[in-house]
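The structure under discussion appears below in the form of structure tokens.
The values are calculated or read from the model by the stated rules, or taken from the named source; none is laboratory data. Just so we're clear, the structure is a prediction, and the values are computed from it rather than from any experiment. Virtual Cβ from ideal backbone geometry, glycine too; neighbours counted across all protein chains shown.
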Amino acid sequence: MNNITQNISALSQAEKRTFLKQILKQKAGNIQSLNLLAKADEIPPEYYNFHLYPEYLRLRQQIQEIEAIGAVNPYFTVHEGLNNETTIIGGQEYINYSSFNYLAMSGDPVVSQLAKEAIDRFGTSVSASRIASGERPLHLELERELADFIGTEDCIVYIGGHPTNVTTIGHLVGQDDLILHDAYIHNSALEGCKLSGAKRLSFPHNDWQALDEILHNQRRHYKRVLVVIEGVYSMDGDIPDLPKFIEIKKRHQVFLMVDEAHSIGVLGKHGRGIGEHFGVEPHDVDLWMGTLSKSFASCGGYIAGCKAVIEYLKYTAPGFVYSVGISPPNAAAALAAIRVLKAEPERVTHLYERSKLFIELAQEQGLNTGTSQNTPIVPVIVGNSLHCIQLSQALFQRGINARPIIYPAVPEKAARLRFFIASTHTEEQIRLTVNATAEELAKIQSSQFVKIS
Ligand SMILES: Cc1ncc(COP(=O)(O)O)c(C=O)c1O
């Protein structure tokens with residue numbers, strides 16, 4: 001007798017039945033695999049040909065619909081110089097509202113000079129992950145400067161704002177945990193949630209009472225709970241009631257993460273963000289996330305927090321450990337931008353004043369600026385995607401560049417033009433823009449058949 005038959009004869013009747021069932025299941029699996037192989041030549045072409053990829057065909061259809069109304073594709077516009085309060089497109093200068101260069105740091109001579117010097121000393125890439133041989137003094141200086149600016153013990157800098165959220169959220173929580181996020185949270189946080197494998201629930205926008213209730217019912221069912229909100233919301237320009245979120249976080253013993261992509265350099269007297277705006281203790285938020293691509297004239301992202309979490313991320317976060325360190329010119333540009341901001345906090349005041357002026361004038365003209373709270377993100381809600389595209393094109397013909405946000409990025413009723421204000425916009429540029437917007441919108445709304453040449 002061989003080993004298998006010897007072992008089988010030693011089994012009880014019930015064990016023999018289970019063994020037999022397993023063998024049959026295995027055989028069925030093999031037959032199924034054979035069937036799949038038999039059908040291999042019938043695999044539909046859309047499964048292996050990107051020209052027939054259904055998602056791609058849907059995208060093509062959307063682009064064709066925009067072109068069919070005679071509009072120019074509003075995406076991937078080429079800007080031929082600095083993306084600031086003005087920009088050059090197709091050789092023409094436009095007043096520009098499509099840039100996150102809130103404090104005009106990108107293009108600032110001091111920032112550019114320090115980025116150039118960093119290239120001269122360290123080259124254009126650090127050519128390795130920081131944990132291997134990619135560490136440079138600039139990285140540590142930047143992280144120290146950010147931590148001091150925000151008021152935390154330490155900081156970690158990643159190569160992109162989006163990957164910062166994906167890898168940090170994806171790494172810090174897992175299967176037995178819960179993520180609760182604002183309904184308007186950015187895609188980068190949502191991708192991080194997916195990666196983490198944690199249970200994900202959203203609460204209505206800015207509704208801390210709803211969050212409190214969910215936590216009241218759910219907290220006990222999970223180990224760790226991460227609450228994710230933003231400092232200024234990128235579609236609407238509104239601000240959460242941070243002290244309320246902190247109070248809830250403490251009461252339910254959960255982690256709180258604030259994405260400051262649009263609030264660092266923007267809120268607070270010195271641009272230190274939503275924490276400074278509300279005067280909260282920096283350590284009352286566990287994870288301060290931000291990007292370097294907006295107020296800080298660079299490309300990258302950061303998490304600022306306590307030493308323990310930063311050390312853990314530096315040794316284990318996949319998007320950090322298995323990725324190159326931020327490039328020397330990018331690190332130097334961000335470092336320079338923070339130092340310029342510390343020396344010139346009046347840039348933040350100008351930004352606030354210009355944003356407030358835009359909103360006041362727009363409201364005087366009866367434009368719907370939604371819930372924007374004097375931040376540099378000002379939506380003008382049109383409520384119709386086609387009208388939105390038409391308005392954007394009409395303004396473009398008058399020398400004003402503002403981008404439409406249409407369905408499906410927002411619900412059709414919320415289709416809007418989004419104006420990003422910069423500290424360097426002049427009062428005259430803002431008055432001219434608001435007047436032109438009100439005039440062109442009135443024309444579009446009074447005629448269903450506005451022709452765009
Ligand atoms: C709220 C928010 N978080 C994260 C990001 C990603 O930042 P980055 O563009 O620097 O990758 C953005 C980008 O616009 C954002 O708006």
Per the filter on the stretch 37-80, residues at pLDDT below 95, under 30 Å from residue 354 (Cα atoms) and in contact with a Ser or Thr (Cβ under 9 Å, 6 or more places away or on another chain) are 74, 77
Subset tally (residues that are crowded, with 21+ Cβ neighbours inside 10 Å and more than 10 Å from the ligand (Cβ to nearest atom)) for the stretch 163-191
11
Within the stretch 208-235, the residues that are away from the ligand (no atom under 16 Å from the Cβ), of a type in the set (Asp, Glu) and within 20 Å of residue 288 (Cα to Cα) are none
Out of curiosity, is residue 379 surrounded by fewer than 17 Cβ atoms within 10 Å (Cβ to Cβ) and within 24 Å of the chain's Cα centre (by Cα)?
no
Residue 143 vs (1) within 16 Å of the ligand (Cβ to nearest atom); (2) touching a strand residue (DSSP E or B) at 6+ places or on another chain (Cβ under 6 Å): all pass except (1)
Out of the residues in the stretch 273-331 that are part of a helix (DSSP H, G or I) and polar (S, T, N, Q), which is nearest to residue 231 (Cα to Cα)?
330
Pairs, please: C-beta under 7 Å, at least 6 apart or cross-chain, first residue farther than 10 Å from residue 169 by Cα and in the stretch 189-206, second modelled with pLDDT under 95?
none
Residue selected from the stretch 207-225 under the condition out of contact with any Leu (no Cβ under 7 Å at 6 or more places or on another chain) and within 17 Å of residue 175 (Cα to Cα), by the criterion surrounded by the fewest Cβ atoms within 10 Å (Cβ to Cβ)
220
